Each structure stands twice: as structure tokens, then as C-alpha cells.
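Comments concern the structure below.
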Amino acid sequence: MNPQKTYSVDEAQKLLENYCAYQERCHKEVKDKLLKMRMIPEAIDQIMVHLIANNYLNEERFAKAFARGKFRIKKWGKNRIIRELKFREISNYSIDSALKEIDLDDYYQTLHELTEKRIAQVKETNIYKKKKKVADYLLYRGWESNLVYEKLNELIK
């Protein structure tokens, strides 16, 4: 996109339809894109309404896809997913709905595998330092502290 170019509402609408059809987008990303295109607030509102009405833009669908993807691919815990969704200005209702997409058995299994893998990677002889390093890693990735410490106490004796 040329930053000097100006777009008609129809041109911008077509571009944004393609932008949203390519992958799920949140409202904030689309609004930022329209602002970069130097669209006026009235045009932004009109395009946003069009995208939502024609189902190009759906906050709940975005949140669900985001939560599933970040959990499955990046192995993020619920805290990190919630933080990232809030950063994208997603509603609490959509966040709750997105977290229900994560199967609890898979969630606990993933935490177990991630913890075992990290324990094997950390080359620390002091058991307390080792626990802290593994815990820091898991907490940074958004796993709940009670689950992390429970798992560490189970796996590191």
C-alpha cells in the first residue's frame, strides 16, 4: 500500500474484504489498517459496519481461532491468551467463549509435556534453582501458577 495514495470508500472496502478473508482479524487490526490508509472516521465506521454485516469481521470467531492456534502451535497457557486478547480489545464474553475451545485434557497434557521437556533442557544441579527456572519459563508462557507449581512438585523431587 502506498502511504500517499487516497482510497475511495469502495476501494478501501474491497481491500479490507480481502484482508479479512485472508485470515481472521480483530476489530482493532482492521481499524488500524483503515487509519493507515488515512480514511476519515465516517468512512471507517461505514466500512466496519459493512465488514461486520457481511461476516468478514467477527470478534468471537477471531478470539476462538486465536486461542486454538496459540494453544496448539505456541503452547501458550490461558493467562497469556487472555492477556493477548485483551491487548487486541476483545470483549470478555468473546474471551470466555474462546477459552472454552481449549479441551481441558489437552491443556493438562500439554502442560505436562512442556514441563518435562523444559526440565530436561535446564542444566541446573540445585533443585530449587531448577524449579525456579522451569517455573519462570512456564509462567512467562501464561500457564497458571497453581498448575505450574503443582506440576513441578510432581515431576521434580
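Quick note: the coordinates plus some simple rules give every number you see, no bench work behind them. Keep in mind that what you see is a predicted model, and the values were worked out from it rather than measured. A quick note on method: Cβ atoms are made from the backbone with ideal geometry, for glycine too, and the neighbour counts reach across all protein chains shown.
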Fill in: Breaking point among (1) exposed (fewer than 12 other Cβ atoms within 10 Å of the Cβ); (2) assigned to a loop (DSSP other than H, G, I, E, B), for GLU24
(1)
Worksheet entry | Any helices (runs of 4 or more DSSP H) falling wholly within the stretch 83-157 and containing at least 1 residues that are farther than 18 Å from ARG68 by Cα | 104-121, 127-140, 145-155
Practice prompt. Would you please name the residue that is farthest from GLU89 (Cα to Cα), looking only at residues in the stretch 58-77 that are free of Cβ contacts under 8 Å to residues at least 24 places away in the same chain and assigned to a helix (DSSP H, G or I)?
Written response: ARG72
Practice prompt. Could you list, in sequence order, all residues of the stretch 1-57 that are of a type in the set (Ser, Thr, Tyr) and touching a residue at least 12 places away in the same chain (Cβ under 8 Å)?
Written response: THR6, TYR7, TYR19, TYR56
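So, in the stretch 27-55, of the ones that are among the β-branched types (Val, Ile, Thr) and surrounded by 17 or more Cβ atoms within 10 Å (Cβ to Cβ), which residue ends up nearest to the chain's Cα centre (by Cα)? Give the steps one after another, and end with the answer.
Of the stretch 27-55, the ones among the β-branched types (Val, Ile, Thr) are 30, 40, 44, 47, 49, 52.
Still in the running and surrounded by 17 or more Cβ atoms within 10 Å (Cβ to Cβ): 30, 44, 47.
On the way: VAL30: 16, ILE44: 24, ILE47: 24 Å.
Only one residue tops the list, namely VAL30.
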Response to the item:
With the first residue restricted to the stretch 142-157 and required to be touching a residue at least 40 places away in the same chain (Cβ under 8 Å), and the second required to be surrounded by 14 or more Cβ atoms within 10 Å (Cβ to Cβ) and among the hydroxyl-bearing types (Ser, Thr, Tyr), Cβ contacts under 8 Å at 6 or more apart or on different chains are LYS151/THR115; LEU155/THR115
Worksheet item: Applying the selection to the stretch 102-157, what residues are more than 30 Å from ARG61 (Cβ to Cβ), of a type in the set (Ser, Thr, Tyr) and in contact with a Lys or Arg (Cβ under 7 Å, 6 or more places away or on another chain)?
Response: THR115, TYR137
